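A.B. asks: Could you have a look at this structure, given as structure tokens, before my questions?
The values are calculated or read from the model by the stated rules, or taken from the named source; none is laboratory data. All of these numbers come straight from a predicted model, not from anything done at the bench. Methodologically, a virtual Cβ is constructed for each residue, glycine included, from the backbone with ideal geometry; neighbour enumeration extends over all protein chains shown. Quick note on the areas: whole protein, heavy atoms, side chains included, nothing else; ligands and nucleic acids left out. Shrake-Rupley method; radii C 1.70, N 1.55, O 1.52, S 1.80 Å.
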Amino acid sequence: MKLVFAGTPEVAVPALDALIASGRHEVAAVVTRPDAPAGRGRRLVASPVAERAEEAGIEVLKPAKPRDPGFLERLREIAPDCCPVVAYGALLPRVALDVPARGWVNLHFSLLPAWRGAAPVQHALMAGDEITGASTFLIEEGLDSGPVYGTVTETVRPTDTSGDLLTRLALAGAGLLAATMDGIEDGSLEAVPQPAEGVTLAPKITVEDARVDWTAPALRVDRVVRGCTPAPGAWTTFRGERLKLVQAVPLPDRSDLAPGQLAAGKNNVYVGTGSHAVELLWVQAQGKKPMRAADWARGARITEGERVGD
């Protein structure tokens with residue numbers, strides 16, 4: 001088939017690579033979000049998908065909105081058979097959905113109908129899911145509600161961050177998306193409607209969602225830290241400033257600290273929760289680089305009875 005691939009961030013690159021490497025289909029063009037300011041200089045930078053496509057000599061389309069007339073005209077000129085999508089980052093209007101004969105097929109990082117929305121991996125971790133995965137489905141105008149072509153499953157490991165899990169899902173999902181394109185092309189795959197039950201939503205994680213509630217159990221604190229790492233980053237406050245929590249582990253054998261109460265030893269920093277304590281391993285103070293929590297505590301000269309989160 002002739003394909004137009006839509007995607008933007010680094011997590012979409014393995015799928016683009018898999019389609020380029022398959023040799024069975026032609027990636028005629030790539031659709032991605034416009035260049036965005038990045039770094040301290042805020043200079044405009046192309047998306048990871050755009051950079052990879054340019055390296056491969058593939059035409060790159062960067063519409064401000066996918067309903068822009070110029071973009072739609074070029075899409076019709078290319079006349080793709082199918083448009084695979086991974087984390088493109090913009091809603092596709094009906095006028096765009098109608099262009100490819102076999103539709104737009106999305107790779108979504110959950111086992112649909114669970115976790116429909118922008119942040120499925122973060123929500124799966126924060127909910128304590130033990131198994132997750134990726135799905136390919138035919139895009140409709142509803143939110144991740146289209147019929148499913150295929151899935152792969154992935155075990156959630158006890159120390160996984162959303163970054164860890166997303167990296168594995170991006171690689172497994174790349175193979176799934178390539179296989180889905182093959183199955184659509186040869187007629188061996190048919191999309192199956194999603195069940196009506198089991199629908200959960202995964203909206204974008206806000207900064208406020210990532211704030212740690214120290215009155216919650218340690219297990220919940222652990223899930224929020226891992227689910228929000230690397231983005232948007234779990235955080236609390238200390239002496240009136242924001243403190244990002246990069247890595248923390250629950251300590252079931254210590255329950256002598258009140259919620260938010262700090263205890264700093266020579267090589268360890270502990271915080272009380274609504275159940276037992278957690279140990280902070282890595283933190284990032286405002287305006288600083290990530291550092292070991294023990295080094296941060298020495299520099300801050302934490303006194304007995306000080307707290308986080310007030």
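A.B. asks: Looking only at segment 63-78, which residues are open to solvent by less than 70 Å² (accessible area, probe 1.4 Å) and either in contact with an Asp or Glu (Cβ under 9 Å, 6 or more places away or on another chain) or under 20 Å from G23 (Cα atoms) (or both)?
C.D. replies: I78
A.B. asks: Would you point out which residue out of T151, T155, T161 is touching a helix residue (DSSP H, G or I) at 6+ places or on another chain (Cβ under 8 Å), of a type in the set (S, T, N, Q), open to solvent by 40 Å² or more (accessible area, probe 1.4 Å) and over 21 Å from M1 (Cβ atoms)?
C.D. replies: From the options T151, T155, T161, the qualifying one is T151.
A.B. asks: Let me ask another. Just one of (1) under 21 Å from the mean Cα position of the chain (by Cα); (2) in contact (Cβ under 8 Å) with a residue 12 or more places away in the chain trips up A179, so point out which.
C.D. replies: Unmet condition: (1).
A.B. asks: Any residue at all in segment 102-121 that is farther than 22 Å from T200 by Cα and open to solvent by 30 Å² or more (accessible area, probe 1.4 Å)? Spell out how you get there, then give the answer.
C.D. replies: Quick first cut of segment 102-121, residues farther than 22 Å from T200 by Cα only: 102-104.
Of the ones still in play, those that are also open to solvent by 30 Å² or more (accessible area, probe 1.4 Å) are 102.
Looking through segment 102-121, at least one residue is farther than 22 Å from T200 by Cα and open to solvent by 30 Å² or more (accessible area, probe 1.4 Å).
A.B. asks: Do you know which of the residues in segment 269-298 that are assigned to a helix (DSSP H, G or I) and among the hydrophobic types (A, V, I, L, M, F, W, C) is surrounded by the fewest Cβ atoms within 10 Å (Cβ to Cβ)?
C.D. replies: The residue in question is A294.
A.B. asks: Ok, one more. Would you confirm whether or not segment 78-88 contains a residue that is among the β-branched types (V, I, T) and under 20 Å from the mean Cα position of the chain (by Cα)?
C.D. replies: The answer is yes; a qualifying residue exists.
A.B. asks: Right, something else. Could you tell me whether R301 is over 28 Å from V156 (Cα atoms), among the basic types (K, R), open to solvent by 10 Å² or more (accessible area, probe 1.4 Å) and in contact (Cβ under 8 Å) with a residue 40 or more places away in the chain?
C.D. replies: no
A.B. asks: Among the residues of segment 1-34, which ones are open to solvent by 10 Å² or more (accessible area, probe 1.4 Å) and either free of Cβ contacts under 8 Å to residues at least 12 places away in the same chain or among the small types (G, A, S) (or both)?
C.D. replies: Those that are open to solvent by 10 Å² or more (accessible area, probe 1.4 Å) and either free of Cβ contacts under 8 Å to residues at least 12 places away in the same chain or among the small types (G, A, S) (or both): A18, A21, S22, G23, A28.
A.B. asks: Being surrounded by fewer than 20 Cβ atoms within 10 Å (Cβ to Cβ), at negative phi and either in contact (Cβ under 8 Å) with a residue 24 or more places away in the chain or polar (S, T, N, Q) (or both) is the requirement here; does L251 meet it?
C.D. replies: yes
A.B. asks: If a residue has to be assigned to a helix (DSSP H, G or I) and open to solvent by 10 Å² or more (accessible area, probe 1.4 Å) to count, how many in segment 79-96 make the cut?
C.D. replies: 2
A.B. asks: Counting just the residues of segment 125-137 that are touching a residue at least 60 places away in the same chain (Cβ under 8 Å) and surrounded by 21 or more Cβ atoms within 10 Å (Cβ to Cβ), which one comes out nearest to the chain's Cα centre (by Cα)?
C.D. replies: Among those that are touching a residue at least 60 places away in the same chain (Cβ under 8 Å) and surrounded by 21 or more Cβ atoms within 10 Å (Cβ to Cβ), it is L125.
A.B. asks: Another question, if that's okay. Can you tell me which residues in segment 193-242 are assigned to a strand (DSSP E or B) and surrounded by 15 or more Cβ atoms within 10 Å (Cβ to Cβ)?
C.D. replies: Scanning segment 193-242 gives L201, R211, W235, T236, T237, F238, R242.
A.B. asks: Ok, one more. Go through the residues of segment 50-72 one by one and say whether even a single one is at pLDDT 95 or above, under 18 Å from L177 (Cα atoms) and in a strand (DSSP E or B).
C.D. replies: Checked against the condition, which is being at pLDDT 95 or above, under 18 Å from L177 (Cα atoms) and in a strand (DSSP E or B), segment 50-72 yields no hits at all.
A.B. asks: Given the residues V45, V30, which is the only one that is more than 26 Å from L176 (Cα to Cα) and of a type in the set (A, V, I, L, M)?
C.D. replies: V45
A.B. asks: For segment 119-138, give me each residue that is of a type in the set (A, V, I, L, M) and assigned to a strand (DSSP E or B).
C.D. replies: Answer for segment 119-138, where residues must be of a type in the set (A, V, I, L, M) and assigned to a strand (DSSP E or B): I131, A134, L138.
A.B. asks: Tell me yes or no: at least one residue of segment 167-176 is open to solvent by less than 30 Å² (accessible area, probe 1.4 Å), at negative phi and not in a helix (DSSP H, G or I).
C.D. replies: Looking for residues that are open to solvent by less than 30 Å² (accessible area, probe 1.4 Å), at negative phi and not in a helix (DSSP H, G or I), one finds none in segment 167-176, hence no.
A.B. asks: Next up: Of the residues that make up segment 35-49, is at least one in contact with a Gly (Cβ under 8 Å, 6 or more places away or on another chain) and surrounded by fewer than 20 Cβ atoms within 10 Å (Cβ to Cβ)?
C.D. replies: Taking every residue of segment 35-49 in turn, at least one turns out to be in contact with a Gly (Cβ under 8 Å, 6 or more places away or on another chain) and surrounded by fewer than 20 Cβ atoms within 10 Å (Cβ to Cβ).
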